[in-house]
Every structure is written in structure tokens, then in C-alpha cells.
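The values are calculated or read from the model by the stated rules, or taken from the named source; none is laboratory data. Because the structure is predicted, anything quoted here is derived from the model rather than measured. Cβ placement follows ideal geometry from the backbone for every residue including glycine, while neighbour counts extend to all protein chains displayed.
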Amino acid sequence: MSNSNENKGIGFIIGASSVGTLIEWYDFYIFGMLATIISKQFFPADAGTSALLSTLAIFAAGFIVRPFGALVFGRLGDLIGRKHTFLLTLVIMGGSTFAIGLVPGFATIGWAAPIIVLVLRLLQGLALGGEYGGAATYVAEHAPAERRGYWTSWIQTTATLGLFLSLGIIILIRSSQGVEKFSAEWGGWRYPFWISIVLVGISVLIRMKMSESPMFTKLKSEGKTSVNPLKESFGHKANFKMVLLALFGAVMGQGVIWYTGQFYAQSFIETVCKVEFVQSRNLMLWAILFATPFFVIFGYLSDRIGRKWIMMAGMLAGILTYRPIYQHFLDVTNVKNRVEKIDLANTVTSPLLASIDAKDKTKVYIIHKFDTAYTDGAHFKYTKTDTLHLAAEYTGADAGSVVYTQVNKADSTKTDTLTAKVKAPLGAVLDSTKIAAFVVASKSIKPNVVVEKTMDSSTFWNLVLLIFVQILYVTMVYGPIAAFLVEMFPTKIRYTSMSLPYHIGNGVFGGLVPFLGTLIVEFTKTADKPAGDPLAGLWYPIGVATVCLFIGVIYLTNKVDKNVMD
């Protein structure tokens, strides 16, 4: 075979493997990108932060079961072959993702909704646990020895590109529908899940045309395939030692760097800094677009200078700079740092809006919206909702407005009479000339305040740069790692041996970053400091990366093993 034909062949192998893996990552990550909406759809409306934490826990559950998928499908891959195994994982992933989009919300089926979603999420995790090891092994066993880091780095781009694809589709659908229609029980947030089935079908057709790995085919023809991959991978002391070294010296740290730079960054900017939904995802899109080529660049460099020090440098950079970067996120989005920039001419306060609870007619939500405009073009939107409990059920029927009294905030001996426009229930027409009155029995102690910040152009690109820097760390630790893992283990048990440490490192240590980071911050909240320490969640990825860096520097070798037929 000529060199050009060989390159053409490896190009098809990369493309066919990458498309399927990209789609699996897309399926896996749309759940995380829609976590704030999913928390409101599959949990009680008044659950608040606990709903988001529960949703992040379900999201994390998909990561936690990935090692089990690695064991199940890794064993199959070493017994029956790479091709058929990751065809199976693709079908399971696509079917589970599509099904999540069909589950009715909490308002329809109650607690059955989050339970069904959890089961489907676990199936997603099992499928992904078998996918990555198969794709990386398949490509590595086709690649020329001197370019293994370069060719396998193309597989490494699929995780980030899958995230990019999920973000792009979500933004496109939300922009076309608007926030209310998109966020409704059967709204546009479900469409990305349904689109998955089409993408999976295309990928299955492509992968059906692939042939088996030449190294595995050779082993099979010689009768040298493993009889018991699990026993040989983890029952033999020497190989099990390599599994542990791969996990604690490389993949564990790589996992937390990956999920901090791409998932925790997006979650932090949206939920802590309160940057508006679409803009927070646009930040990620641009940063991912600029950073993705570096997966291939660092994969290429790893063939020239070795894998170890590139990965260690990425971990060290994250350890040293995460806290300054996230502190900067807080500073540039903090309203206290923008006082002198307020544009009073374009700052708007909307009239009060009363929304009567559909089920409990003694409960009324008073919504007050006000926008603060700034001279640099930024807009901060505030929606304050007070819950009023009435002395009797509301009987205003078709009244267009309501009046009520409340204690004056400045002087408790006085009362204020307030008028609010009534939000019409779905399908109802209200009389704008009719005014009803109600008596308030009690009011919520603390109003619910939702903030949406649209940043000015300068701040937007500043945030893009800092997210790009974090994803650059991701490309350093992730670009070379497929080739690194392939070279650590023999062909006959490679699928099993490399899949387990990879999915423990990424699925457990890495996948728990958003959940544990958010949970740690919750533990820092006190009566005196209700917001807690927003940077406290970073100690988890910094700590894990530090341990991994220490072990990796001491025990890993930087030598590139060109012979992977052993």
C-alpha cells in the first residue's frame, strides 16, 4: 500500500471513529448543558437549589457508572472485537438520549419523572464507558507508530466538539423559540434529545462500513486473543500496577482539568456570575472554537517530545491559575464594580405583575422586573418575585388589575397601596378596566430574585479569553492521553485495561467536578455570609490535580513506546 493510500485509509478510520464518538459525547453532554431547565422540569417547582443539586447528581450518576461500562464493553471488545462493540454502545447511547426527551415532567407524572431520567442517564454512562476505549484503541492500532499521538488526538477533539455541537443546537433552538416556549414542559429544550436519533442513525451506517482493527484481527487469526480480559487486566500484578499508575498518575488529573475548564466554567458563569443563558453558552462556543485545534497540536508534539511533560504542564497550569481566573470572573461581573457606569436614561422599571397560582387560589406571585443599563452597553436584568398569601381565595375572575396594601419599608407605621397588572392564565382574556382587591394575610420573608447579566463586548471577549486558557489546559492533558494509554497495555487486553482507568479518572473524579464543586460552596454558606465562598468549589479539582501531578512526575516515563503489538 502506498503512503498516500495509507493516509487516505487512516483518514477514513479517523472520520468514521470520530463521528460516532462525537455523537456519543453530544448525547452525553446535552443533559449537562440543560441542567438548569431540567431541574425545573423534573423536580417540584419550589425545590430551589436542591432541584439543581439533584439534577447535577443525576448528571454525575452517568459519570459514576462509566467504569462499569468500561468493564462490560471493554471485555466484549477484547473478546469479539472493537468494531461490533462500539456499534452496540452507539445504539444504546442514542436510544437512551432520545428517550430522555420523551419523559413527561414532574407536573405530569410526579417523582416517576426523575427516576426514569436517572435510569436512562445510567444507560448513557454505561454506553459511553464502552465507546471511548474502543474508538481510541481502534485508531491507535491503525496509526503509524511515529504518528500515533497525532492521529489519536483527532479522537480527543470529539469530546469538545460534541460539547460544541450540543451548545450550538441548544442556542439555535432557544433563539428561534424564545425563553418561555423553549423552557415549557414540552418545549424546545427537548429537541436536542430527539435530534440525537437522526445523528446516531447516520453514524451507525458509517461504522457498518468499517473493518476490524488489523492488530486484533491478527491476534484472533493466531488464536492469541484473551480468554478472560478482566482477569488478565486486573488479576496480574504487573498489569494491575500499570492500571493504577495510569489512573493516579495521569487520568485522574486530566479528568478534573477537563471538567473544570469546560463544565464548571460554564456552570460558574451562569449560576454564580449570573451571565444570561445564551451569552454564557456563546462564551463557551467561541472559546471551544479557538482552542480545539490545540488537541491535534499537542498530540503532534507528544510524538516528538513525549507525552508525560505536556500532560503534567497542563495540570500544573490549572493548579496555579484556577483561583485567579475565577476571581476575575466574579470581579468583572460584580454589580458593585459597575456603579459609575450606570446609564440612567436607559434604565427601566416595569410595572408590577400579579400571577395567581393555578392550583392554590390563596397564593399570588408579585413579579417586579427592572433593567439596569450601563454606558458600556451591558444590561443587568432583575426579576424579583414576592409570594403573597391571601386571607381568602382570589375571586377576581376577569379583572385586569389588582390592588393590595403592604407595610411601608421605611416606616412600619405606614402602609402603601400597590396596583399590579394580572397575568392572564393560558387561554383567558382579562378586562383591563376591571380592578379587584385582595387582603394579604402574610408575605414571604425573602423575595426570590433572578438576575440575568448581558455583558458588554469588552467583558465578553475577556471572559472568552479566560475560558479559552482553561480549555488550552484541557488540550494539553487530553490531546496526548489516548496514545499514552494505548502504549501502556498489550493488544489482547488493551480495550479493557485502558478503559477502566480512563473512565474512573474522567467519569468519577472528573465528572463529579460540577456536583462536588457546587456542594462544597453550599457547605460554606452561613447566616452572616448567605452566598458562601464561591471559589471554595475549586479546591476539589485543584487538590485532585495536585495529587496526580505529584505521582505522575515521580513515576511516569516520558518514553514513547512505538511497538504496541506486544
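Quick notes on this structure:
- Residue match in region 323-346 (condition: more than 31 Å from the chain's Cα centre (by Cα), of a type in the set (Gly, Ala, Ser) and farther than 30 Å from Glu487 by Cα): yes
- Whichever residue in region 29-39 is more than 9 Å from Leu163 (Cα to Cα) and in a helix (DSSP H, G or I) and, among such residues, is nearest to the chain's Cα centre (by Cα): Gly32
- Scoring Arg147 on the criteria (1) touching an Asp or Glu at 6+ places or on another chain (Cβ under 8 Å); (2) of a type in the set (Lys, Arg); (3) under 30 Å from Leu426 (Cβ atoms) leaves a single failure, condition (3).
- Strands (runs of 3 or more DSSP E) wholly inside region 294-408 containing at least 3 residues that are free of Cβ contacts under 8 Å to residues at least 40 places away in the same chain and crowded, with 16+ Cβ neighbours inside 10 Å: 363-373, 399-407
- Residue match in region 415-425 (condition: surrounded by fewer than 14 Cβ atoms within 10 Å (Cβ to Cβ), of a type in the set (Asp, Glu) and at negative phi): yes
- Listed by first and then second residue, the pairs linking a residue in region 479-503 that is under 16 Å from Arg148 (Cα atoms) to a residue that is modelled with pLDDT of 85 or more and outside any helix (DSSP H, G or I), with Cβ atoms under 6 Å apart and 6 or more places separating them unless they lie on different chains, are Pro480/Arg307; Phe484/Arg307.
- Among the residues examined, Pro490 does not qualify as of a type outside the set (A, V, I, L, M), modelled with pLDDT of 85 or more, surrounded by 13 or more Cβ atoms within 10 Å (Cβ to Cβ) and over 29 Å from Ser280 (Cβ atoms).
- Some residue of region 451-470 being free of Cβ contacts under 8 Å to residues at least 40 places away in the same chain and of a type in the set (Lys, Arg): no
- Number of residues in region 396-434 that are of a type in the set (Ser, Thr, Tyr) and touching a Gly at 6+ places or on another chain (Cβ under 8 Å) equals 2.
Here's the yes/no breakdown for (1) among the small types (Gly, Ala, Ser); (2) touching a strand residue (DSSP E or B) at 6+ places or on another chain (Cβ under 9 Å); (3) assigned to a helix (DSSP H, G or I); (4) modelled with pLDDT of 75 or more:
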| position | (1), (2), (3), (4) |
| --- | --- |
| Ala51 | yes, no, yes, yes |
| Pro67 | no, no, yes, yes |
| Ala70 | yes, no, yes, no |
| Phe73 | no, no, yes, no |
| Asp78 | no, no, yes, no |
| Lys83 | no, no, yes, no |
| Leu88 | no, no, yes, yes |
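- Counting only residues that are farther than 17 Å from Glu276 by Cα and of a type in the set (Gly, Ala, Ser), region 363-392 holds 2 of them.
- Qualifying residue in region 176-191 (condition: surrounded by fewer than 21 Cβ atoms within 10 Å (Cβ to Cβ) and among the β-branched types (Val, Ile, Thr)): yes
- For region 192-209, the set of residues classified as surrounded by 15 or more Cβ atoms within 10 Å (Cβ to Cβ), small (Gly, Ala, Ser) and either outside the structural domain of Arg121 (by TED's automatic domain parsing) or more than 22 Å from the chain's Cα centre (by Cα) (or both) consists of Ser203 only.
Yes or no, residue by residue, for (1) at pLDDT below 95; (2) over 28 Å from the mean Cα position of the chain (by Cα); (3) in the same structural domain as Arg494 (by TED's automatic domain parsing); (4) surrounded by fewer than 20 Cβ atoms within 10 Å (Cβ to Cβ):
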{"residue": "Val513", "(1), (2), (3), (4)": "yes, no, yes, no"}
{"residue": "Thr518", "(1), (2), (3), (4)": "yes, no, yes, no"}
{"residue": "Asp528", "(1), (2), (3), (4)": "yes, yes, yes, yes"}
{"residue": "Trp539", "(1), (2), (3), (4)": "no, no, yes, yes"}
